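Presented below is the structure to which this report refers.
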Amino acid sequence: MAKAARPRRSMLYMPGSNARALEKGKTIPADALILDLEDATAPDAKELARTQVVDTVRGGGFGHREILIRVNGLETPWGQADLVAVATAGADGILLPKVESADMVRKAEAILVGAGAPDGLALWCMMETPLGVLNAKEIASSTPRLAGFVMGTSDLAKDTHAAHTAMRLPLLTSLSWCLLAARAYGLAVLDGVYLDLADDEGFAASCTQGVELGFDGKTLIHPKTVAAANTAFAPSAAEIEFSRRIIGAHAEAAAEGKGVVVVDGKLIENLHVENARRLVALADAIAAAESGA
């Protein structure tokens, strides 16, 4: 069963070694922030970044934003210490890099629990290697603590020797496979980053494709792309209005003992009502978050 609606239209990476950027994250209108101890942090800054991120998260002030901390992998010199340090920092979730098996998830979870992680601390998995994609189903079912997948399309393209094309055809199998696994187990799933910050049109097209594929939102590398992602991954006013009409019309039909109803010439069944309720719940959650509720 899918989890309660939470807006994740935009999930912005913030370098953990940049204290100024961490503070700026408190004012950026992203639905979620990934405070990064891994790729965005140089080896000689790993320990400083860890301390800064933990202190910043403990200090609060992020409002409605969902806060994830991306740690280094357990095979690195910093991975275990990262997990111990972030276990009680107060983040919403911990993002594990380059996950390739359910066992990797459970090992990280055991360290977090041993370090005092609360029951509500979620785990997220970067899906960014061929083996990880192939094992998406077992990873998705690894633990009830798992909340979602984040696609690492840059690493996937590198490892599969794929080209970065406008329509991302070389990556569609990987994207769709992970989407299927995530939805089968009620997980959120976020699209990968768009690397060309000068190409606004290309970014918009990538967001549109992400929506069409079924992603909840997009991971981002610059604050200037947040507004466009928020717009692309939110239900439109027309979609919300039609969804509310579908829900109302179906309720009236059900009260009369009818299983189907026609709205604007379209046959409406239970599956349409379920999707309408999902869109309305998402729209309500976005409105609540943006109002500061």
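On a 0 to 90° scale, report how tilted helix 200-213 is relative to the longest principal axis of the chain, with both axes built from alpha carbons and the result rounded to the nearest 10.
Relative to the chain, helix 200-213 is tipped by roughly 70 degrees.
Please list the non-local residues whose amide H lies under 5 Å from the amide H of residue 187, H modeled 1.01 Å from N, same-chain partners needing a gap of 5 or more.
none
Below 15 angstrom from the Cβ of residue 207, what's the summed charge of the other residues (Lys, Arg +1; Asp, Glu -1)?
-3
Over what distance in Å are the Cα centres of region 147-177 and region 67-142 separated?
About 21 Å separates the Cα centre of region 147-177 from the one of region 67-142.
Report the full-extension gain for the segment residue 27 to residue 205: residue separation times 0.36 nm, less the Cα-Cα distance, to one decimal in nm.
61.4 nm
Counting Lys and Arg as +1 and Asp and Glu as -1, what is the net charge of the other residues whose Cβ lies under 11 Å from the Cβ of residue 228?
With Lys, Arg at +1 and Asp, Glu at -1, the neighbours total +1.
Hey, what angle do you get for helix 270-290 against the long axis of the chain, alpha-carbon based, 0 to 90 degrees rounded to 10?
Helix 270-290 sits at roughly 50 degrees to that axis.
With the contact rule set at Cα under 8 Å and sequence spacing of 6 or more, what percent relative contact order holds for region 237-290?
Result for region 237-290 is 39 percent.
Read through the labelled values (i) 52, 47, 36; (ii) 66, 42, 38; (iii) 71, 46, 35 and report the label of the one computed as Cα extents along the principal axes in Å from the structure.
Of the labelled values, this structure produces (ii).
Label 7 Å along Cα→Cβ of residue 166; region 199-228 residues with amide nitrogen under 20 Å?
199-213
What is the set of long-range amide H partners of residue 126 at a cut-off below 5 Å, with H atoms built 1.01 Å from backbone N?
96, 98, 99, 150
Do you know the Lys pair count in the chain for C-alpha distances under 16 Å, with sequence separation 8 or more or different chains?
Value for the chain: 6.
So for region 10-232: antiparallel DSSP bridges make up what percent, rounded to the nearest 5?
Percentage antiparallel, nearest 5: 0.
Can you give the net charge of the other residues whose Cβ lies under 13 Å from the Cβ of residue 129, counting K and R as +1 and D and E as -1?
Summing Lys/Arg as +1 and Asp/Glu as -1 gives -3.
By how many degrees, between 0 and 90 and to the nearest 10, does the Cα long axis of helix 102-114 differ from the longest principal axis of the chain?
Between the helix axis and the principal axis of the chain, the angle is about 70 degrees.
Mean residue ellipticity at 222 nm from the helices of the chain, using -39,500 (n - 2.57) per DSSP H segment of n ≥ 4 over the full residue count, to the nearest 500 deg cm²/dmol?
Value at 222 nm, helices only, nearest 500: -14000 deg cm²/dmol.
Among 67, 221, 139, which comes first, second and so on when ranked by fewest other beta-carbon atoms within 10 Å?
221, 67, 139
What number, in percent, do you get for the relative contact order of the chain if the mean sequence gap of Cα pairs under 8 Å and at least 6 apart is divided by its residue count?
Reported as a whole number, the value is 17 percent.
No value in this document is a laboratory result; all are computed from the given coordinates. Predicted model, so just to flag it, every value in this text is computed and none were measured. For neighbour counting, all protein chains shown are included, and Cβ atoms are generated from backbone atoms with ideal geometry for every residue, glycine included.
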